[in-house]
Every structure is written in C-alpha cells, then in structure tokens.
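Have a look at the structure below before the remarks.
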Amino acid sequence: MREWQTQAAAQLDAAGVTSPRSDAEALLAEVTGLSRTERLLRAHEPLSSTDSARLDRLLARRLSREPLQYLLDAVDWGGVRLRCDPRALIPRPETEWLLHLALSDPAASQAAEVADIGTGSGALALGWKAARPGSRVTATDLSAQALALAAENAALNGLNVAFAQGNLLEPVAGQAFDLILSNPPYLPDSDTGTLDPEVDHDPALALYGGTDGLTLARRLAAQAAGALTPGGVLWLELDGRNATDFAAELAGQGWLAEVHPDLAGRQRFVRALRATQ
C-alpha cells in the first residue's frame, strides 16, 4: 500500500495535480475501505489484485485531470455527504465557508424559510437543513440534471428539501424567505479556456456570469429585494475580483451590504439586508 501511494503521488505531481499526496491517499482509502490508522499499520501489506487493478484505473482517470470528487463514492462537505458528477458544479471549500458565515450570522442563523438559488449538487440547501432541521428549505436550479443530482444527495442524507426547476427565484415567485443563499455563476466570460483542467468538467452553465461575472448576481438581487421578509438576509459567494464592486452596487441601490473574506483572505462573500426594511 505504501509503495502504491508513493508512486501514485509522484505520478500525480508530475502531471501537475496540485495535491498529489492527499489525492493518492484518498484513492487508496476509497478502494481499501481502511481508515488512515489502519492503512499506516498495514502499509507494507500487499494489495489484492482486485484492489490494485481498481486503483490503477482510478489513478489513470485522475492523471487525465478528472476531478477527484468524481472518483469517490461521495465526499464530506458541510456536515453532509455529497455525490459529485458532471451534472453540477463540484462543491468547494469556499462555499462551505459561505455556509458557515450564514449559520453564524445572528440575523440569519435561525431563519425559518430558506432558499438556495442555483443549488447544483444541493450542497448549501442540504448543509443548512442538516444544521437547522427546523428550517423549511427550498432549492432551485435552471438545470434539471443538477436538480436530479441534488435530489439524490437529499435522499443519501435523509433530508427533506423542496426542489424547483427554473431561473433563480422565478420558480418560487410569491414565496417569502428569511434567508437566501446562492453561489451563482460568477466568473467573467473571458476566463473561458484559462482555468485548471479539472474545472473543464464542471458545467459551463454553473461557471460563467457574463462580461464581468455579475449578470446572474444582479438579477438575483433584484428578485431578492421583493422576496426577502423584513430583516431578511441575502448571502452570496462571488469572485474575489468582483465581490467588492457588487457590494458597492447594492449599497448604491439602498441595500445594507458588506463583504467578507474567504479563508485565503480574498474578499468574496457578500452579505446584504434587503433595501426596504
């Protein structure tokens, strides 16, 4: 096991994978089903021919820069288990921090009616429901394929979330929410073709947000102004290049808007209280 992990990490490093050691360890854990302690204690044991063949197949896929999350049965994220595949954006640590910020927000933490707009794999909706089971959570997405994956993840975690297909808040028009969460497409269109190979596996629909990356965020904020309850909060994940500008736009429209950093110090999360309080 140790020899396979060492050689796999070296190959992944040579292929340009940014986390070769942890990726090799994750593949070994996936195939053997052993905990890290068990793998350390049994590091010199030979792999079975079945495990060895499966590991080599998974390694070949990772070397081709297929995302690690696609190769695992499920990943732990925000207190839930999520399956990931090309139907939706892979949930990332930045979005997990958005969930943490919203759960820690005194104005939002006990929200009764919550919406996750552009839910993708269902990450934010399911993470919130797991942490606040008394909340009623509704999740929307334009993609029927993404919603199918989100529903599968809801079933995997035994969580009751309502799903609706449509553009932003349109499929829940007339409903009022105490909290709206969203990780909308926020990359400028000019980023197309310049991102890491793994990102090419994400659906373009979930990545790009127009010339400056803010087209969907602007539409959502306009809809949210009429959908939030008095005192309701909008939390958005955006790009570090455009979040501060967008908060300034919202402030100019009468919102109480502020920007929060991610764990790397990039200003990317916008918190806004609706314009009419």
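The values are calculated or read from the model by the stated rules, or taken from the named source; none is laboratory data. Quantities reported herein were computed from a predicted structural model and do not represent experimental measurements. Counting neighbours? That spans all protein chains shown, and the Cβs are built from the backbone with ideal geometry, glycine included. Only protein heavy atoms, including side chains, enter the accessible area calculation; ligands, DNA and RNA are left aside. Shrake-Rupley method; radii C 1.70, N 1.55, O 1.52, S 1.80 Å.
Of the set (1) open to solvent by 10 Å² or more (accessible area, probe 1.4 Å); (2) in contact (Cβ under 8 Å) with a residue 40 or more places away in the chain; (3) in contact with a strand residue (DSSP E or B) (Cβ under 7 Å, 6 or more places away or on another chain); (4) among the acidic types (Asp, Glu), all apply to ASP116 but (1).
In the condition set (1) in contact with a strand residue (DSSP E or B) (Cβ under 6 Å, 6 or more places away or on another chain); (2) open to solvent by 10 Å² or more (accessible area, probe 1.4 Å); (3) not in a loop (DSSP other than H, G, I, E, B), PRO185 is compliant with all but (3). Going by the structure shown, is ALA24 surrounded by 14 or more Cβ atoms within 10 Å (Cβ to Cβ), at pLDDT 95 or above and assigned to a loop (DSSP other than H, G, I, E, B)? Considered against the rule, which asks whether it is surrounded by 14 or more Cβ atoms within 10 Å (Cβ to Cβ), at pLDDT 95 or above and assigned to a loop (DSSP other than H, G, I, E, B), ALA24 comes out as no. Only residues that are at pLDDT below 95, in a helix (DSSP H, G or I) and either open to solvent by less than 50 Å² (accessible area, probe 1.4 Å) or under 28 Å from PRO67 (Cβ atoms) (or both) were counted across segment 216-239, and they come to 1. When segment 29-69 is limited to residues that are part of a helix (DSSP H, G or I) and touching a residue at least 40 places away in the same chain (Cβ under 8 Å), the one that is farthest from VAL199 (Cα to Cα) turns out to be SER52. Of the residues making up segment 121-141, just one is touching a helix residue (DSSP H, G or I) at 6+ places or on another chain (Cβ under 7 Å), part of a loop (DSSP other than H, G, I, E, B) and either open to solvent by 10 Å² or more (accessible area, probe 1.4 Å) or closer than 17 Å to ALA176 by Cα (or both), namely SER135. Taking (1) open to solvent by 80 Å² or more (accessible area, probe 1.4 Å); (2) under 22 Å from the mean Cα position of the chain (by Cα); (3) touching a residue at least 12 places away in the same chain (Cβ under 8 Å) in turn, ALA88 satisfies each apart from (1).
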